[in-house]
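K.L.:
The structure that follows is given in the form of structure tokens.
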Amino acid sequence: MYRSIQKVSQQSLSEKMGVSRQTMNSIENGKYLPSLLLAMKLASYFECKIEELFEMEDSDWDK
Amino acid sequence: MFLFPNKYKRISGWIFLLSVLFGIYYLFFTDMESMASEILTIKVPALLHDEVFSAAEGIWIENNLFDEILTLIIVISGLLYGFSKEKIEDEYISSMRNRSLAVSVYINYAVLLLATITIYGLPFLQVMMLQLFSILVLFNLIFTLRLRKHYNTTLDDEE
């Protein structure tokens, strides 16, 4: 959502974050939970808090 | 974790695949002695050796290097292939590599446990010898399949 608001392409964002587009796609689809460092980089790029980008679900407590 | 440069990935992958296939052929479909050329029989220094199978002069024993060379090629190419960087090496790829390694260790030792209680004598030693390579083969196979799935992920449209 943040990416579309800022009109930045998945390719461009993944290049800025130093990850592949497939990885960025997996993060956006919730298939992969990024490291704290990458999450902080994303939050810094979008100038928002990490919890605005990622939210915990109840099932995450069991992981 | 230290990883080798990406330039080694493709070439080591092919060498690994071909050497493993050749190793299987060598082990199961040939008279192993017939493949070993006499040119490769030389005296080598041995830290430990079995006097039944090799005549020794001090630390020097006569040995055919064919299987040693094949072992070195399989192990070195397998390690290079599994531990070379991807073109874009990121944390998801690292995570996939770690998980593939863990799964291959589990499978390899599950097979060893099974072999321990079902296979005895010389055949058990052969299973143990195969396990030296099977962990590398399993790891590379699982990692490659995961990478393929990752790269073939249908990407969402832009914007």
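K.L.:
Please state which of the following conditions B:K7 fails to meet, knowing it meets all the rest: (1) in a helix (DSSP H, G or I); (2) in contact with a helix residue (DSSP H, G or I) (Cβ under 7 Å, 6 or more places away or on another chain); (3) under 30 Å from A:L38 (Cβ atoms).
P.N.:
For B:K7, the failing item is (2).
K.L.:
Restricting to region A:37-49, count the residues that are aliphatic (A, V, I, L, M) and in contact (Cβ under 8 Å) with a residue 12 or more places away in the chain. Give the derivation first.
P.N.:
From region A:37-49, those aliphatic (A, V, I, L, M) are A:37-40, A:42-43; that's our starting set.
From the residues that got through so far, the ones that are in contact (Cβ under 8 Å) with a residue 12 or more places away in the chain too are A:38-39, A:42.
The total comes to 3.
K.L.:
Just checking, how many residues over region B:64-79 are farther than 14 Å from B:V20 by Cα and either surrounded by 18 or more Cβ atoms within 10 Å (Cβ to Cβ) or in the same structural domain as B:L136 (by TED's automatic domain parsing) (or both)?
P.N.:
Residues flagged as farther than 14 Å from B:V20 by Cα and either surrounded by 18 or more Cβ atoms within 10 Å (Cβ to Cβ) or in the same structural domain as B:L136 (by TED's automatic domain parsing) (or both) within region B:64-79 amount to 1.
K.L.:
Next up: If we scan region B:131-146, do we find a residue that is over 19 Å from B:W14 (Cα atoms) and not assigned by TED's automatic domain parsing to the domain that holds B:V44? I'd like the intermediate steps shown before the answer.
P.N.:
Within region B:131-146, the first condition is being over 19 Å from B:W14 (Cα atoms), and the residues that meet it are B:131-132.
Adding the requirement that they be not assigned by TED's automatic domain parsing to the domain that holds B:V44 leaves B:131-132.
Among the residues of region B:131-146, at least one is over 19 Å from B:W14 (Cα atoms) and not assigned by TED's automatic domain parsing to the domain that holds B:V44, which makes the answer yes.
K.L.:
Identify, from the list B:I107, B:I42, the residue that is out of contact with any helix residue (DSSP H, G or I) (no Cβ under 9 Å at 6 or more places or on another chain), touching a residue at least 12 places away in the same chain (Cβ under 8 Å) and surrounded by fewer than 16 Cβ atoms within 10 Å (Cβ to Cβ). Spell out the reasoning first.
P.N.:
Values: B:I107 fails: out of contact with any helix residue (DSSP H, G or I) (no Cβ under 9 Å at 6 or more places or on another chain).
Of B:I107, B:I42, the one residue that is out of contact with any helix residue (DSSP H, G or I) (no Cβ under 9 Å at 6 or more places or on another chain), touching a residue at least 12 places away in the same chain (Cβ under 8 Å) and surrounded by fewer than 16 Cβ atoms within 10 Å (Cβ to Cβ) is B:I42.
K.L.:
So, one more: Among the residues of region A:7-32 satisfying the criterion of being in contact (Cβ under 8 Å) with a residue 12 or more places away in the chain and out of contact with any Leu (no Cβ under 9 Å at 6 or more places or on another chain), which is farthest from the other protein chains (Cβ to nearest Cβ)?
P.N.:
Taking the candidates together, the pick is A:K16.
K.L.:
Checking the structure you have, find out if any residue of region A:33-40 is touching a Phe, Trp or Tyr at 6+ places or on another chain (Cβ under 9 Å), more than 8 Å from chain B (Cβ to nearest Cβ) and small (G, A, S).
P.N.:
yes
The values are calculated or read from the model by the stated rules, or taken from the named source; none is laboratory data. Predicted, not measured: the structure shown is a model, and the values here were computed from it. Positions of Cβ are generated from backbone atoms using ideal geometry, with glycine treated the same way; all protein chains shown enter the neighbour counts.
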